[in-house]
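See structure below.
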Amino acid sequence: MTNEILEEFSKFQEDMLLGRITSVHKSLYLISSNKVLYKGKMSGRFSYTALSKSDYPVVGDYVIFMPSIYDDSATIEKVCTRHSKIERLGVGTGGDKQILAANIDLIYICVSLNEDFNIKKIQNFISTTYGSNAEAIVLLTKKDLCDNIEDYTNQVKKLNKNIEIMVVSSYSKEDILLLEEKLKGKTSVFIGSSGVGKSTLINQLLGYDYLKTLDIRLSDAQGKHATTHREMIELPRGGYIIDTPGLRVINSYIVGDALENFDEISELSQDCLYNDCTHIHEPNCKVREALNNGEISTELFNSYRNILRLNRYNQRRELERKRVQNKRKKR
Ligand SMILES: Nc1nc2c(ncn2[C@@H]2O[C@H](COP(=O)(O)OP(=O)(O)OP(=O)(O)O)[C@@H](O)[C@H]2O)c(=O)[nH]1
Ligand SMILES: [Mg+2]
Ligand SMILES: [Zn+2]
């Protein structure tokens, strides 16, 4: 916590509390303050004066709030100045950059050794950390599945000789202890594709299965993410870690990156009746429901649909390419 935040807090009445946002669920903000969890809503005054979405709290934000005298509800009056933040590049979302998390010291770019490893993707991830005021570290996961680790670390070094690289396995006690040491006293965030083991690592750090993890690797667009919400978790040996849902990678990394900008829709579509819902005519479609009651804008929905269409086109082209290749081989 910075002195700036303490000074901001000192300007408020004594019955107000200072806390930190651990997760956000639509207009409900979970706040942790002195190990007590509160369910916060924004005050009328705050909502009235807020100018943009980025004024509202995100995971990791320090907030000043009034606790209820009856239950665990609370009214948030102020979001304290952010000393760092990680933003997602705004593609097709009307230019408003989305803040993923605030007040973080370390950003761990999680990439699994073997199938997930892609140097261009790592470069993209590193780019998103520029200007965040946090330090980026490349965390190569699932080292137990890899027997040429150096080939991979060398590629990262060639890309950026200054970036710190860590290589871990979720199943190595030694690695977990090392990570625990690095995370102590800091706020860190794990970002990366789905299935690289972000939540598994956090569960190992906690010593029990707190977070849901993926049992079977589902790497296609229809695959469900194990993690669907960003959440900040206090570690037993000190420090905070923020778990995030994985990036969707479908054929082309660019499409995956773009889809990742539609967090809200991606989250909604996890609850659609069909895994491969196109959000046009299927029954029990949560995305269309949200569109109808104004929770998501038509503009956002349309650009999302365009990305899906482009993606299906890419998939068809890829299938066609394979078919032609196979034919040639048979001749
Ligand atoms: N071999 C091996 N498998 C691992 C390791 N860590 C995690 N896994 C497996 O990888 C799969 C995905 O792990 P998760 O922790 O759910 O991945 P995630 O990055 O949180 O995925 P999302 O929440 O979807 O973003 C699970 O089946 C884990 O058991 C590891 O170090 N080695
Ligand atoms: Mg996860
Ligand atoms: Zn749907």
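Dipole orientation for region 265-330: of the candidates 302, 268, 319, 319 has the Cα lying most toward the positive pole (charges on Cβ; Lys, Arg +1; Asp, Glu -1).
Taking only C-alpha pairs under 8 Å that are 6+ residues apart, what is the relative contact order of the chain in percent? Walk me through the numbers on the way to the answer.
Numbers: 565 pairs, mean separation 39.7, N = 331.
That works out to 12 percent.
Each DSSP beta bridge with both residues in the chain is either parallel or antiparallel, and the antiparallel ones are about 55%. Fully extending the segment from residue 292 to residue 150, taken as 0.36 nm per residue of separation minus the present Cα-Cα distance, adds 45.9 nm. Helices of the chain meeting both criteria, an alpha-carbon length of 27 angstrom or more along the long axis and an average Kyte-Doolittle score not below 0.0, with helices taken as full DSSP H segments, do not occur. Projecting the Cα atoms of 203, 292, 122 onto the charge dipole of the chain, computed from C-beta unit charges around the Cα centre, puts 122 farthest toward the positive end.
Using the Kirkwood radius over Cα pairs, work out the Stokes-Einstein diffusion coefficient for the chain at 37 °C and 0.692 mPa s, in µm²/s as a whole number. Please report the intermediate quantities before stating the final value.
On the way: Rh = 21.5 Å.
Reported coefficient: 153 µm²/s.
So, counting K/R as plus one and D/E as minus one, what does the shell of residues with Cβ under 15 Å around residue 169 add up to?
-2
A cysteine counts as unpartnered when no other cysteine's C-beta lies under 4.7 Å of its own; in the chain this applies to 80, 110, 146, 285.
Shape analysis of region 85-247 places it in the rounded category; the axes a ≥ b ≥ c from the Cα gyration tensor give an a/c below 1.5. Neighbours of residue 133, meaning other residues whose beta-carbon lies under 10 angstrom from its beta-carbon, give a summed charge of 0 when Lys and Arg score +1 and Asp and Glu score -1.
Non-local lysine pairs in region 3-79, meaning eight or more places apart or on different chains, with alpha-carbon distances under 17 Å, amount to 8.
Coordinate-derived values only; no laboratory data. Only a predicted model underlies this, so the values are computations on that prediction, with no experimental measurement involved. Neighbour counts run over all protein chains shown; Cβ positions are idealised from the backbone, glycine included.
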